[in-house]
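*Asks:* Below are the structure tokens for one structure; questions will follow.
The values are calculated or read from the model by the stated rules, or taken from the named source; none is laboratory data. Everything numeric here is computed off the predicted structure, so don't read it as measured data. As a convention, Cβ positions derive from the backbone with ideal geometry for all residues, glycine included, and neighbour counts pool all protein chains shown. Side chains are part of the model used for accessible areas, which takes the heavy atoms of the whole protein and leaves out ligands, DNA and RNA. Shrake-Rupley method; radii C 1.70, N 1.55, O 1.52, S 1.80 Å.
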Amino acid sequence: MEPDGVAAVDPAQWDACAGADNPFVSHAFLSIMEESGSVGQGTGWQPLPMLIDAADGTLAAAAPCYGKTHSQGEYVFDHQWADAWSRAGGQYYPKIQIASPFSPVPGPRLLLRDPAMAPALIGGIEMLVGNNELSSAHATFVEESQVPLFEAAGWLIREDSQFHFANPGYGSFDDFLAELSSSKRKNIRKERAKAVEGLEIVHLTGRDITENHWDIFWQFYQNTGARKWGHPYLTRAAFSMMGERMADKVLLILAYRGRQAIAGALNLIGSDALFGRYWGCSEDVPFLHFELCYYQAIDAAIAMQLKRVEAGAQGGHKLARGYGPQPTWSAHYIADAGFRRAVAGFLAQEREAVARDREFLGERAPFRKG
């Protein structure tokens, strides 16, 4: 069967537009989502990449677009909008999603080899909505530098928060701890000691990750996925393909009790950030989730001299562990004028609440004052 979606695009051409900073918009990651069956037929995620060619036939711009028949796996919740439009007699689904599937990771949504192509790319998405009489298009987790491009096109901008760890150039985890208040510093040391008692923590990347490791992590992922989402988003094949095609971008952290792995955390490595994605365990150990997902990620980011750790969506408990609130953005094109006005009103109120909440959380960061 001939490939379609991003998989059908020349990898070098796609990546020339996407850049090398963010692995979640790379040809490797997006084509893995398709070829593994994680998106595509039967998933509610239909790959519909928007492509613009230059005069010489090379790819000038692209956007990872998907036709969505639900709002699952997006982490920017629009269920209320869907319900409101349905009550008004409209059909919210299908809609267009511009995103990296199942990845609440800020990054470029307009992949531009030629920056002048941004208006044409946004216009192409709007035409896709209009020509197919769809309700809307949604670009989620848009990197800050691209928000003005959507704003200039009249898209509605939505703001939220995530918790990120900032690395100003620490030489060690102890350097980070030295910046915290005494009580927080002591608490983190106690958590770490308790979490790893009797365990060995192993960091794996590149060729060190074997199919046996993926078998182990798959069990952890299934367990977490069943509890969080009802069923895992990624297929087993997706993990093997990551190991085959982008293992140098993968950091797998496993906790062993003797020879038995009992927990694991999967991260992807960007040019200046470590992105925490999935976690799971077969044994409930106090604080082990914090150790593998947050503290070990900080250790790794410091060792790799990365500027930050992005530990995924939500989670106010990250604040006490050195992860501060940072703004995230999404952009929304609503075709119906009346519906657009209603959503704009909702977003204005929501934006004020989000800003107040972020200010409140920022004042309670664990770092020493003064």
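*Asks:* Compute the Cα gyration tensor for segment 139-234, then decide on rounded, prolate or oblate, letting a ≥ b ≥ c be the square roots of its eigenvalues: rounded whenever a/c is under 1.5, prolate when a/b is larger than b/c in the other cases, and oblate in all that remain.
*Replies:* Oblate is the answer for segment 139-234, as a/c is 1.5 or above yet b/c matches or exceeds a/b.
*Asks:* Can you give the FRET efficiency for E283 and R356, using 1/(1 + (r/R0)^6), R0 = 30 Å, r = Cβ-Cβ distance, to the nearest 0.05?
*Replies:* 0.15
*Asks:* Still on this structure, please answer the following. May I ask for the Kirkwood hydrodynamic radius of segment 323-370, worked out over all distinct Cα pairs and given in angstroms to one decimal?
*Replies:* Hydrodynamic radius (Kirkwood, Cα pairs) of segment 323-370 is 13.0 Å.
*Asks:* If you take the Cα atoms of segment 204-316, find Rg, then find the Kirkwood Rh from the mean of 1/r over all pairs, what is Rg/Rh?
*Replies:* Computed over Cα atoms, the ratio is 0.94.
*Asks:* Would you mind estimating how fast segment 243-370 diffuses translationally, via Stokes-Einstein at 20 °C and 1.002 mPa s with the Kirkwood radius over Cα pairs, in µm²/s?
*Replies:* My calculation gives 123 µm²/s for D.
*Asks:* Using 1/(1 + (r/R0)^6) with R0 = 25 angstrom and r between the beta carbons of E244 and E144, what's the FRET efficiency to the nearest 0.05? Walk me through the numbers before you get to the answer.
*Replies:* Details: r = 33 Å, r/R0 = 1.32.
Calculated value: 0.15.
*Asks:* Round to the nearest 10 and report in Å² the accessible area of L149, as given by a 1.4 Å probe over the protein chains' heavy atoms.
*Replies:* In the full protein context, L149 sits at about 70 Å².
*Asks:* Could you give P(r) for segment 1-134, binned at 10 Å from zero, as whole percent values over all Cα-Cα pairs?
*Replies:* 12, 41, 35, 11, 1
*Asks:* Semi-axes of the equivalent ellipsoid of segment 282-345: what are they in whole Å, largest first, if each equals the square root of 5 times a C-alpha gyration tensor eigenvalue?
*Replies:* On the way: eigenvalues 266, 50, 21 Å².
Working from the Cα gyration tensor, I get semi-axes of 36, 16, 10 Å.
*Asks:* Right, something else. Using alpha carbon centroids, what distance separates segment 158-222 and segment 62-105, in Å?
*Replies:* Centre-to-centre distance over Cα atoms comes out at 32 Å.
*Asks:* Using 7 Å Cα-to-Cβ label points, what is the Y93/V202 separation (nm, one decimal)?
*Replies:* 4.1 nm
*Asks:* Determine the shape class of segment 265-318: with a ≥ b ≥ c the square roots of the Cα gyration tensor eigenvalues, call it rounded for a/c under 1.5, and otherwise prolate if a/b is greater than b/c, oblate otherwise.
*Replies:* It comes out prolate by the Cα gyration axes.
*Asks:* Shifting gears a bit: Could you tally up the Lys pairs in segment 192-340 with alpha carbons closer than 25 Å? Skip any pair fewer than 8 positions apart unless they're on separate chains.
*Replies:* Taking the Cα cut-off of 25 Å, the pair count is 5.
*Asks:* Determine, at each q value in 0.07 (inverse angstroms), the log₁₀ of I(q)/I(0) that the Debye formula gives when each Cα of the chain is one equal point scatterer.
*Replies:* The Debye formula, applied to the Cα set alone, gives -0.32.
*Asks:* Moving on to the next point. Heavy-atom accessible area per residue, the chain, 1.4 Å probe: how many Å²?
*Replies:* Value returned for the chain: 45 Å² of accessible area per residue.
*Asks:* Would you mind calculating the gained length between R368 and F77 on full extension (0.36 nm times residue separation, minus the Cα-Cα distance), in nm to one decimal?
*Replies:* Stretched out fully, the R368 to F77 stretch lengthens by 101.3 nm.
*Asks:* Further, regarding this structure: Is segment 119-170 best put as rounded, prolate or oblate by its Cα gyration tensor, with a ≥ b ≥ c the root eigenvalues, rounded for a/c under 1.5, and otherwise prolate when a/b is larger than b/c, oblate when not?
*Replies:* Note, shape of segment 119-170 comes out prolate.
*Asks:* Give the ranking of W279, W45 by solvent-accessible surface, highest area first, calculated with a 1.4 Å probe.
*Replies:* Solvent-accessible surface, decreasing: W279, W45.
*Asks:* Across segment 242-287, what fraction of all alpha-carbon pairs, as a whole percent, falls in each successive 10 Å bin from zero upward?
*Replies:* In whole percents, the pair-distance histogram is 25, 46, 25, 4.
*Asks:* Right, next: Report, in cubic angstrom per residue, the convex hull volume of the C-alpha atoms of segment 69-148.
*Replies:* Values: hull volume 8.1 nm³, N = 80.
For segment 69-148, the hull spanned by Cα atoms encloses 101 Å³ per residue.
*Asks:* Explain nothing, just the number: relative contact order of segment 1-113, from Cα pairs under 8 Å at least 6 residues apart, as a whole percent. All intermediate terms of the calculation are to be shown ahead of the outcome.
*Replies:* Working: 169 pairs, mean separation 31.8, N = 113.
Dividing the mean separation by the residue count of segment 1-113 yields 28 percent.
*Asks:* Here is a further query. Could you please state, rounded to a whole Å, how far the C-alpha centre of segment 7-45 is from the C-alpha centre of segment 248-269?
*Replies:* So the separation of the two Cα centres works out to 24 Å.
*Asks:* Let me see the pair-distance distribution of segment 1-71: every alpha carbon pair, 5 Å bin width, integer percents in order.
*Replies:* All Cα pairs, binned at 5 Å, distribute as 3, 17, 27, 25, 16, 8, 2, 0 percent.
*Asks:* Something else: Using a 1.4 Å probe over the heavy atoms of the protein chains, calculate the carbon and sulfur portion of the accessible area of the chain as a whole percent. Write out the running numbers ahead of the final one.
*Replies:* On the way: 8410 of 16570 Å².
Of all accessible area on the chain, carbon and sulfur atoms account for 51 percent.
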